[in-house]
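The values are calculated or read from the model by the stated rules, or taken from the named source; none is laboratory data. Model, not experiment: these values are computed from the prediction. Quick reminder, even Gly has a Cβ in these numbers, built from the backbone with ideal geometry, and neighbours come from all protein chains shown.
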Amino acid sequence: MKYFLLIMVVVLSACQADIQPDKTPVTAPLAYETAEVSDATREANEAVKKYLDFDDRADFEAADRGFIATFPEGVITSEDGTPAYDYGAYDFLNGDGPDSVNPSLWRQSQLNAKHGLFEVVDGIYQVRGFDLSNVTFIRGDTGWIVIDPLITKETAKRALDLVNQELGERPITAVVYTHSHIDHYGGVRGIVSDEDVANGTEIIAPIGFTRETVSENVLAGNAMSRRVTYMFGNMLPRAADGQVGVGLGQAVSTGLPGMIRPTIIVDQTGQTETVDGVEMNFILTLGAEAPAEFMFYLPKWKAFCQAEIINRTLHNMYTPRGAKVRDGRLWSQYIDQAIYLYADKTDVSFGSHHWPTWGTEDITEFWEGQRDLYRYIHDQTLHLANQGYTMHEIPEALELPDAIAKSFYNRDYYGTVSHNSKAQYQLYFGYFDGNPANLNPLGPVEAGEKFVAYMGGADNVIAKAREDYDAGDYRFAASALSNVMFAEPGNQEAADLLANIYTQMGYMAESGSWRNFYLTGAMELRNGVGNFPTPNTSSVDMVRALPLDLMFDLMAVRVNGPKAAKKNRKINFVVTDTGEKALLILSNGTLHHRMGHSDDEAPTFNISSEGLVALNTKQKSSAQLMQEGAISVEGSLLQKKSIKDFFDLLEEPDFWFEIVRP
């Protein structure tokens with residue numbers, strides 16, 4: 001049975017959307033080495049200073065506006081005393097930026113690191129800097145309406161503590177989840193309970209929210225979660241030569257996420273809900289930044305909640321940790337809808353990240369700039385593709401107009417123009433560029449061996465790459481040395497040089513995500529992959545929310561096809577207390593499920609819903625649950641053995657797999 005238990009644990013590390021909180025240390029557990037800042041890196045960063053208007057302090061004034069108070073200790077702790085979020089770790093951002101950080105990213109990180117309680121307008125307040133995202137408190141007739149309660153209960157509770165301290169205690173009358181990414185609902189249990197909901201606290205969410213919270217990326221979750229350790233720099237020290245933020249915010253909290261199911265579903269644009277005396281007019285924005293999302297207007301304050309559709313950064317149309325591609329055309333159209341419906345009647349616009357914008361003129365300019373950004377990348381990618389440019393050629397040819405590119409809110413702090421243009425190409429054409437040479441190329445190990453052989457050996461590649469490194473020409477040198485690493489993974493001379501190149505590329509990167517990828521790759525090249533526990537985001541709420549059919553889909557991709565190819569069988573699966581059942585069919589190495597079906601001749605695996613929860617939160621073992629009667633197996637001894645043999649075919653992937661080596 002152990003493989004069945006393991007796959008369910010993996011579901012929980014796969015359930016998150018654009019980020020996954022985990023218990024991975026937030027300070028580097030490996031020896032962390034860096035490289036001296038090169039002349040080429042200094043020149044690249046100086047060019048950024050010359051291109052952008054760093055004398056413009058309007059964002060700093062807006063980010064400071066309405067500040068009320070913060071907690072001075074700098075660390076939010078979990079119940080066991082471990083840090084859940086350390087906003088004090090970013091105190092080093094005070095002052096001028098060093099050569100080791102792109103000056104534009106340093107500026108963004110300084111803004112994101114501002115923390116505490118802020119008044120947006122009288123009646124709307126935000127706690128910012130206590131997690132990756134913002135939590136907003138709206139004063140209703142009798143209590144607080146809370147928008148997007150952060151990632152974990154620890155940070156959400158601390159935010160509420162600050163609100164109670166400064167504004168007085170009031171009950172929570174409603175919680176609004178703007179979308180299905182965990183940084184916008186995971187902390188809900190830090191502010192309300194099931195009893196509160198039973199007593200009338202409303203939970204408002206977009207249509208499809210519950211399923212999307214656990215389904216996006218579930219089948220590929222192990223690989224995506226591993227890549228998250230790169231994207232968010234989880235293993236890097238918080239320092240001027242390490243992780244300085246991720247553009248969307250600073251970092252993710254590492255407490256306990258949860259979820260309470262919605263009581264009010266928004267299923268169409270134009271829908272209006274009035275809760276605790278507050279009217280909300282919704283724009284549904286499905287399939288852009290998140291599969292399930294909305295924005296909304298508050299007539300009482302002439303305020304607009306832009307959720308995460310509008311941000312003070314270029315967002316990801318394809319996230320580097322891996323996910324389905326997002327449609328820039330659709331994204332742009334949603335922003336345009338907000339413009340013609342609400343821009344001329346909005347006095348303040350606030351979002352799930354970053355700081356608000358005040359004044360109709362500034363709001364309209366901001367929204368139009370973001371609208372044009374996504375549309376330009378989408379349309380010009382297709383424009384160039386229709387001229388024969390390929391996915392890897394388009395980013396070299398695509399350059400944003402200055403009117404878009406010089407706005408700080410359109411910069412590459414989180415997503416990048418390069419990555420997003422490739423995403424839009426992939427959306428329409430897939431990864432194949434039409435060149436027959438790329439129909440069936442060699443894998444990275446074989447290609448690396450051939451590349452090294454063609455170059456006359458690894459020493460020649462290293463020598464040429466060192467010349468490029470000394471000249472500040474990093475991109476091809478990185479590609480060439482990556483071939484060496486896949487051909488000769490034990491070649492530490494190549495690894496150290498590639499690590500130095502990645503370090504310089506990280507120091508240049510305007511995107512926090514790219515910086516973290518480069519610096520984490522450099523760290524693992526120098527030190528190898530650490531032997532750490534597998535990150536686990538399991539919580540009772542997430543297990544209970546997992547649809548049974550998704551669990552079976554996940555089981556299907558865990559099947560070892562070659563081993564299972566000749567072990568065809570059928571199994572009845574029954575959740576005893578809910579009556580849910582399914583017929584599992586193992587056929588030619590593939591696993592199918594028929595929900596609601598059973599086979600009289602097949603053995604039956606019975607488990608209670610609470611048994612599923614107990615298994616997946618590791619509260620009890622399968623042996624304990626069998627003794628308690630929460631698990632039972634029906635059928636002959638031979639059939640019971642066939643169930644065990646079936647679960648033995650399910651393989652748990654290793655989380656800490658290599659990325660920069662084979």
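Residue-wise test of (1) over 27 Å from residue 356 (Cα atoms); (2) modelled with pLDDT of 95 or more.
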| position | (1), (2) |
| --- | --- |
| 6 | yes, no |
| 11 | yes, no |
| 18 | no, no |
| 25 | yes, no |
| 33 | yes, no |
| 42 | yes, yes |
| 48 | no, yes |
| 69 | no, yes |
- Message: Tell me yes or no: at least one residue of the range 570-583 is farther than 30 Å from residue 491 by Cβ, of a type in the set (D, E, K, R) and assigned to a strand (DSSP E or B).
- Response: yes
- Query: Is it the case that residue 476 is exposed (fewer than 14 other Cβ atoms within 10 Å of the Cβ), modelled with pLDDT of 95 or more and of a type outside the set (Gly, Ala, Ser)?
  - Reply: yes
- Message: Quick check on the range 219-231. Is at least one of its residues assigned by TED's automatic domain parsing to the domain that holds residue 81 and in a loop (DSSP other than H, G, I, E, B)?
- Response: no
- Residues (part of a strand (DSSP E or B) and closer than 18 Å to residue 542 by Cα) located in the range 177-203: 179, 203
- Task: Residues being touching a residue at least 60 places away in the same chain (Cβ under 8 Å), assigned to a loop (DSSP other than H, G, I, E, B) and over 20 Å from the mean Cα position of the chain (by Cα): count how many of those fall in the range 283-309.
- Result: 2
- Task: Run down 228, 197 and say which single residue is more than 23 Å from the chain's Cα centre (by Cα) and either over 22 Å from residue 121 (Cα atoms) or touching a residue at least 40 places away in the same chain (Cβ under 8 Å) (or both).
- Result: 197
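Return a yes/no flag: does the range 608-615 have any residue that is within 30 Å of residue 235 (Cβ to Cβ) and either outside the structural domain of residue 315 (by TED's automatic domain parsing) or in contact (Cβ under 8 Å) with a residue 12 or more places away in the chain (or both). Working first, answer last.
As a first pass, look at the range 608-615 and keep what is within 30 Å of residue 235 (Cβ to Cβ): 615.
Now restrict to residues that are either outside the structural domain of residue 315 (by TED's automatic domain parsing) or in contact (Cβ under 8 Å) with a residue 12 or more places away in the chain (or both): 615.
Yes, there is a match, as at least one residue in the range 608-615 is within 30 Å of residue 235 (Cβ to Cβ) and either outside the structural domain of residue 315 (by TED's automatic domain parsing) or in contact (Cβ under 8 Å) with a residue 12 or more places away in the chain (or both).
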- Message: Against the conditions (1) surrounded by 23 or more Cβ atoms within 10 Å (Cβ to Cβ); (2) touching a strand residue (DSSP E or B) at 6+ places or on another chain (Cβ under 8 Å), where does residue 257 fall short? Just the number, please.
- Response: (2)
- Scanning the range 94-117 residue by residue, the ones that are over 21 Å from residue 174 (Cβ atoms) and not in a loop (DSSP other than H, G, I, E, B) total 11
- What about residue 172, is it touching a residue at least 40 places away in the same chain (Cβ under 8 Å) and of a type in the set (Val, Ile, Thr)? no
- List pairs: first in the range 496-509 and without any contact (Cβ under 8 Å) to a residue 24 or more places away in the chain, second aliphatic (A, V, I, L, M), Cβ under 6 Å, 6+ apart or cross-chain? 506/519
- Is it true that some residue in the range 157-174 is assigned to a loop (DSSP other than H, G, I, E, B) and either touching a His at 6+ places or on another chain (Cβ under 6 Å) or surrounded by 24 or more Cβ atoms within 10 Å (Cβ to Cβ) (or both)? no
- Query: Residues in the range 321-329: is at least one of a type outside the set (Lys, Arg) and crowded, with 24+ Cβ neighbours inside 10 Å?
  - Reply: yes
- Task: Would you check if residue 73 is in contact (Cβ under 8 Å) with a residue 12 or more places away in the chain, loosely packed, with under 15 Cβ neighbours inside 10 Å and outside any helix (DSSP H, G or I)?
- Result: yes
- Residues satisfying the stated conditions in the range 584-607, i.e. without any contact (Cβ under 8 Å) to a residue 24 or more places away in the chain and assigned to a strand (DSSP E or B): 585, 587, 594
- Please determine, by comparing only the residues of the range 293-310 that are of a type outside the set (A, V, I, L, M, F, W, C) and buried (at least 23 other Cβ atoms within 10 Å of the Cβ), which one is nearest to residue 342 (Cα to Cα). 306
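Listed here are the residues, each with its yes/no results for (1) aliphatic (A, V, I, L, M); (2) free of Cβ contacts under 8 Å to residues at least 40 places away in the same chain; (3) over 27 Å from residue 412 (Cβ atoms).
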site	(1), (2), (3)
179	no, no, no
182	yes, no, no
185	no, no, yes
211	no, no, yes
214	yes, no, yes
236	yes, no, no
244	yes, no, no
254	no, no, no
